[in-house]
Structure formats: structure tokens, C-alpha cells
Amino acid sequence: MENNNEENSSNTVNDSKFKTVSNPGTYKAVYEIDNKPKKNSHFGKNIVLPFFSGVVGCAVVIGTCFGVPSIREQIIGSNSSSNSQSSGSQFAGTVDQISLSNYSDTSVYAANKILPSIVGIQIEYNVTSMFSMFGGGQTSKATATGSGIIISDDGYILTNNHVVSSSESEAYYQVSEATKITVKLFDDDTEYEAKIVGTDEETDLAVIKIEKTGLTKAEFADSDSIKVGEFAMAVGSPLGLQSSITCGVVSAVNREVTDSDGKTYTLIQTDAAINAGNSGGALVNSEGKVIGVNTLKLTGEDVEGMGFAIPINSTTDITSQLIQYSKVKRPYIGITGMDLDAETAKANKLVEGIYIRDVETFSAAEKAGMKIGDVIIEADGKSIKTMDELNEIKNSHNIGDEMKIKVNRDGEEKELTIKLGEQP
């Protein structure tokens, strides 16, 4: 949301931001000599002979030094370096030129490291229009593109759920599940047909598989240790352009972002460009190791450079469960709830918390004695007011664990013990 409050501005320059450099051109060495000529009857002996002897001696020494390469290089190199520094500091307030070769080398290394582990994904599906000018529904084929990360050498690929699960319905059309998924490997024009191993809508993650071995598995970094400002590269197939990279930095960590469906994710924010088709690709660090799965970006007239990735550490358990069970097993209470803010609670003579609108038959909630109309105010000894808070505490448990819930029922508080079931 745009902030309309303006900060106080000032045109005063803060001198503490600049390093003071002494200008050697403003100083010079002064030798004190006596310029007055003096009479001396031994001029040739005392002056001329020592002078010419000194000249000859200097010539011999200099000639010897320049005849030895190492000494010559030290003399010339030192002098060149001195001149360079002196020249660079003649103008106060200027900044020394910095080579970008190190940054370029970093990008090249990271790209070469990760590109063999990134794939392009194309999905085919059917779109059925509910109404048409011909009086009946018509079905046509459509395609979409995305990206994926190779997570095993025998063909398992991590991507986003929304890349491979396109089923949705609107008032005028219906989109089918993917009818065909094809994968393109880096530097390989062969198309490999993939099958869906498992999907998880809650985390927007999915695993697909192709029948091929000897693939280059991506290396994962510790996404919990990344820092704001460090190098970040987004890799994928934006707009179907295979193996494209964009570079930037980590703009923020643990950023909570709510999508158009109202789901909230905790993500890595980056200014590396993420475009349509980048979804499911990798966000990597300077070592070419994956720190996140590119998943969404903010769009709008006033938005630029705001992309987001799922931290890779949060994907590992999900991925293993999708491969093992084709789904994610989660603990389950079995209620439908609604958040009650202070105003709504007061208007309905209730307390702030989670109003239980429905209790599923045979669920953990029903077995524990929860009822429609109860207001959940506490879970595991922690005061809560929203379903997100309740789910966060619930998801910290395993299936079969016991969870303490405190509800307000008709003005009285009751503590219930729930044995968590498995989410159907």
C-alpha cells in the first residue's frame, strides 16, 4: 500500500558520508639552501672532482639496477603505482574507478553451476467455454509454460503447484487438469513427457518426474542464513525463453505476502526480474546454490522489481512427502472457523477469537467436544484470535499429538484436549 506520508527532506550534505583525502598537490618538500656564492681557492679539488665522481657512481648503480629485471620491475611498478594514486587524488570528492570483473565472474559462475539443473515445463490443458455464439459449450486446447528444479539424478523435478495444476472454473469457462506435461532440459532439444508425482496447494509446491537418469541435481543452500543485500539470480524459462537468468539482490527475508486467493506465504523478496514462466525455477546465491523457488511477483502501474521465492529450507519436508505419499500429511482438527475482531465480537455479544461455524462429523474436534458457536481464544497456552494463528500452532504438531484448546462457550471458558487426526 502506498505511503502518503512524506519524510522530512534536506539539501544539506552529511560530510560524515565522505572520506577525506589529503591532496598531495597542495604540499611540496622544501629544502633550505644557501644561495650566496663563496670564494674558494680549491674549487676544482673540492667541488668539480667530487661532482663528476658522484655522477659516474650514480650511472653505474642505475645501470646495474635496470639490468636486473626484478629490481627494474619494482622501480617502474612502484613509480607507476605512485603516479596512479597521485593522479586519482588530484580531484577532491571523486570516487576511484572500481572494476566489475568480480561481479561478472560471480554471475558467470553461478549461471554455469545452476543452468544444467533447471528445466522448462510446458503444460497442455483443455478450456471449455460455458456459452458460445453457437449455442453450446466448446472445448479448445491451451498451453502454459513454467520452470522446474532437478532434485535427483533419476528425474524428480520440483516446481510450483500452480504450474502443473491448472484446474479452475469461472462463470464463462472451465479449465481442465493438465492433459500433458513436457519437460525440456538445459542444452537439450529433446522433449520428455512428465507425470505428476504429487501436489500441495497449501504451499504451492509440486513434484513431477521424467524417465531419465544421469541428470544434474541442484545443490541447496541454507535459506535461513541468507542476508538482505546479498547476490541473487533468478533462473528459469520466462515467456518460454529457455534457460534465462536475471540478477539482483535479496531485498527482504521472511516477507509475508497474500496472493489473490487470500493465502499468506512467508517468502524471500528479490529485485531480480521474475516474469511469467519463471514460476517453479530457482533463486540462487553467488555459489549457484538454490535458496528459493520462484513463485510470484507483484504487478501494477507503480510496481517494479518485486518478486518472491519460497525459501528452499521450507520445501524439503514437503518434497519428501510428495515423493513418498503423493501428498502432504498434516494434522487436522476438523472445524470451519471465522475470525472475530473486537467490533464484530462486541456487536454479537461474543469475545474476540475464532468463531466455530461448523464441526465435522467424526473429526478430532467433535471427539474433543467442540461445538458450533464456541469461540476459540487459546491454543497450547497461547492467546490467539485468528485461524492463521491456530493453524500455525496446529502445524507445529504431528498427527496423533494432543493439543490443548480453550474456548469461550456462553460466556464461560472451557479447556478441551484434542488428539489431532490426519487431514483428509
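Brief remarks on what is shown
- Of all residues making up the stretch 267-294, the number that are under 17 Å from residue 220 (Cβ atoms), in contact with a Gly (Cβ under 8 Å, 6 or more places away or on another chain) and hydrophobic (A, V, I, L, M, F, W, C): 5
- Long-range neighbours under 7 Å by Cβ, at least six apart or interchain, first residue at pLDDT 95 or above within the stretch 365-388, second surrounded by fewer than 19 Cβ atoms within 10 Å (Cβ to Cβ) and hydroxyl-bearing (Ser, Thr, Tyr): 368/417; 377/383
- Residues of the stretch 403-424 satisfying the condition of being β-branched (Val, Ile, Thr) and surrounded by fewer than 18 Cβ atoms within 10 Å (Cβ to Cβ): 417
- Counting the residues of the stretch 390-416 that are among the charged types (D, E, K, R) and in contact with a Ser or Thr (Cβ under 8 Å, 6 or more places away or on another chain) gives 2.
- Failed item in (1) more than 29 Å from residue 318 (Cα to Cα); (2) touching a Pro at 6+ places or on another chain (Cβ under 6 Å), with residue 343 passing the rest: (2)
- Residue match in the stretch 343-352 (condition: outside any strand (DSSP E or B), of a type in the set (D, E, K, R) and surrounded by 13 or more Cβ atoms within 10 Å (Cβ to Cβ)): yes
- Residue selected from the stretch 142-167 under the condition under 19 Å from residue 209 (Cβ atoms) and either in a loop (DSSP other than H, G, I, E, B) or basic (Lys, Arg) (or both), by the criterion most open to solvent (accessible area, probe 1.4 Å): 153
- Of all residues in the stretch 168-211, those satisfying the criterion of being surrounded by fewer than 18 Cβ atoms within 10 Å (Cβ to Cβ), touching a Phe, Trp or Tyr at 6+ places or on another chain (Cβ under 8 Å) and modelled with pLDDT under 95 are 172, 175, 176, 177, 179.
- Subset of the stretch 226-242 that is surrounded by fewer than 17 Cβ atoms within 10 Å (Cβ to Cβ) and modelled with pLDDT of 95 or more - its residue that is farthest from residue 275 (Cα to Cα): 227
- Matching residues, the stretch 250-273, being within 21 Å of residue 112 (Cβ to Cβ) and crowded, with 24+ Cβ neighbours inside 10 Å: 270
- Considering residues of the stretch 280-301 that are assigned to a loop (DSSP other than H, G, I, E, B) and hydroxyl-bearing (Ser, Thr, Tyr) only, the residue least open to solvent (accessible area, probe 1.4 Å): 286
- Residue check, residue 360 out of contact with any helix residue (DSSP H, G or I) (no Cβ under 8 Å at 6 or more places or on another chain) and modelled with pLDDT of 95 or more: no
- Restricting the stretch 321-333 to residues that are open to solvent by 50 Å² or more (accessible area, probe 1.4 Å) and among the basic types (Lys, Arg), the residue that is farthest from residue 160 (Cα to Cα): 329
- Subset of the stretch 302-315 that is part of a loop (DSSP other than H, G, I, E, B) and in contact (Cβ under 8 Å) with a residue 60 or more places away in the chain - its residue that is farthest from residue 221 (Cα to Cα): 302
- Checked against (1) open to solvent by 10 Å² or more (accessible area, probe 1.4 Å); (2) assigned to a loop (DSSP other than H, G, I, E, B); (3) among the hydrophobic types (A, V, I, L, M, F, W, C), residue 318 passes all but condition (2).
- Reported count of residues in the stretch 370-388, each being open to solvent by 20 Å² or more (accessible area, probe 1.4 Å) and out of contact with any Lys or Arg (no Cβ under 8 Å at 6 or more places or on another chain), is 6.
- Single condition residue 247 does not satisfy, out of (1) more than 14 Å from residue 117 (Cα to Cα); (2) part of a loop (DSSP other than H, G, I, E, B); (3) open to solvent by less than 60 Å² (accessible area, probe 1.4 Å): (2)
The values are calculated or read from the model by the stated rules, or taken from the named source; none is laboratory data. These numbers come from a predicted model, not from an experiment. Cβ atoms come from the backbone with ideal geometry, glycine included; neighbour counts cover every protein chain shown. Side chains included, ligands, DNA and RNA excluded: accessible areas come from the protein's heavy atoms. Shrake-Rupley method; radii C 1.70, N 1.55, O 1.52, S 1.80 Å.
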